Each structure stands twice: as C-alpha cells, then as structure tokens.
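What follows is a single structure, written as structure tokens, with notes after it.
Coordinate-derived values only; no laboratory data. Since the structure is predicted, the reported quantities are computational estimates derived from the model, not experimental observations. We place every Cβ from the backbone using ideal geometry, glycine too, and count neighbours over all the protein chains shown.
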Amino acid sequence: HKGSFIEDLGIDADCYVLDDEQGTAVVSMSGMSRMLGYVNDRAKSIARLLDRESVRAHLSANSLEKINNPLKFQYVDRAAKRPPFTAKGYDATVIIDVCNAVIAAGKCDPSIKPEQIASASVIIGACAKTGIRELIYKIAGYSSTKAQVIAAFRQFVQEEASKWAKEFPD
C-alpha cells in the first residue's frame, strides 16, 4: 500500500505499508529527507546527514543497522498499470530515532541547521501526541477514522511548530 503526506500534510513524502507479516510501515528515503526540510538532492541529503559522526553517535546499533540497510521492496501500482518498481525506504520507527539524533547532534555540531532541529522537534512532538492518543483509543476500544488521525496530527504539528515561530523569520 502506498500513500503520501502531500495531500494531508503538505510534505511530498511517500510512505508504504508492506504486505509482510508485521505490516511494516515505511517512509521512502527521499520522503524522510523532505520531512527534515531538505528540498533538493533529497536521497543524497539524508545520506549525508546520516553519515555525520555527530548524528551517528546518537543512534543505537539497531537504528544504524536499519539505516545502513534500507528496506528494498517491490511496489506494484495496479491502478496506473505501470510495471512494478523497486523502492527503498526506512522502517518508520527509524524516523523518531533520526529526529532524536539530529536534535542531540545539533547541540554540539554547528553544521546541523536550526531548521533541521526544528523539523525534527516538530515531528517528535506531533508523533508522540498522536501516538499516545491513538494508543488510548485502541485500549478503550475506539476506532478513529483516517480524517480524525490526520486532523489531530495536523493540529499537533501546528502546536509544535508554534514553539519555533520566534526562531525563524516568515
């Protein structure tokens, strides 16, 4: 299954749910790059960021293993009737690990841009709030709709981004 953050959140980041036993959630390499604010040379930009020793020092061995071995999977777009293609991406849980590493590295590495730290902070905050809300919904037996989840995430992103509003000019 394939989706994109573009329509609902304005970030052109492809995401997938694999047809494996776990239903692995994946974000494309270029998608992760866009989530952290890169607009050009996306896959290479995230690779350069993840190669920085200051970032790698804040990643667990498990996260580094996932980053060093991105998931390769076959995507078949039946609606477009195009031939299947091989895509690469990261297990979605790595996004949080990378964001935490960028924030930590930003404290001692001046090459980490404030915009990257802000993007990482917004992602962490919005995901945490959405995650705890959805966990409580599931435990309580409530099934939220796609629209509810996206609306809540969008609201949490706005709340988290407002904390950084004073840091950057319009």
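Given 0.36 nm per residue, what is the gain on full extension from Ile150 to Tyr75 after removing their alpha carbon distance, in nm? It would help to have the intermediate numbers written out before the result.
Details: separation 75, 0.36 × 75 = 27.00 nm, distance 2.42 nm.
Computed gain between Ile150 and Tyr75 is 24.6 nm.
Could you work out the relative contact order of segment 43-121? I mean the mean sequence separation of Cα pairs under 8 Å and 6+ apart, divided by the number of residues, in percent.
Details: 75 pairs, mean separation 22.6, N = 79.
Dividing the mean separation by the residue count of segment 43-121 yields 29 percent.
Taking only C-alpha pairs under 8 Å that are 6+ residues apart, what is the relative contact order of the chain in percent? Spell out each step's value before the answer.
On the way: 203 pairs, mean separation 27.1, N = 170.
Over the chain, the number comes to 16 percent.
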### Message
Nothing charged except the Cβ atoms of Lys and Arg (+1) and of Asp and Glu (-1): what's the magnitude of the dipole of segment 72-120 about its Cα centre? Round to the nearest 20 debye.
### Response
360 debye
### Query
Quick one: length gained pulling Asn68 to Asp109 fully straight, 0.36 nm per residue minus the C-alpha distance?
12.6 nm
### Task
Please list, in chain and number order, the residues 5+ apart from Ser4 or on another chain whose amide H is under 5 Å from its amide H, with Hs placed from the backbone.
Cys15
## Note on the structure
In the structure shown, of Lys66/Lys107; Lys107/Lys146; Lys72/Lys163, the pairs separated by more than 28 angstrom at the C-alpha atoms are Lys107/Lys146; Lys72/Lys163
### Task
For segment 108-115, just list the computed ³J(HN,Hα) in residue order, Karplus coefficients 6.51, -1.76 and 1.60, θ = phi - 60°, integers in Hz, with x standing in for Gly and Pro.
10, 10, x, 7, 7, 6, x, 5
### Mean projected area (nm²) of the alpha-carbon convex hull when segment 1-139 is viewed from all directions
9.5 nm²
### Query
Using alpha carbon centroids, what distance separates segment 47-71 and segment 78-133, in Å?
12 Å
### Message
At a 10 angstrom cut-off on C-beta neighbours, averaged per residue, how do the peptides 74-85, 10-21, 116-127 rank from highest to lowest?
### Response
116-127, 10-21, 74-85
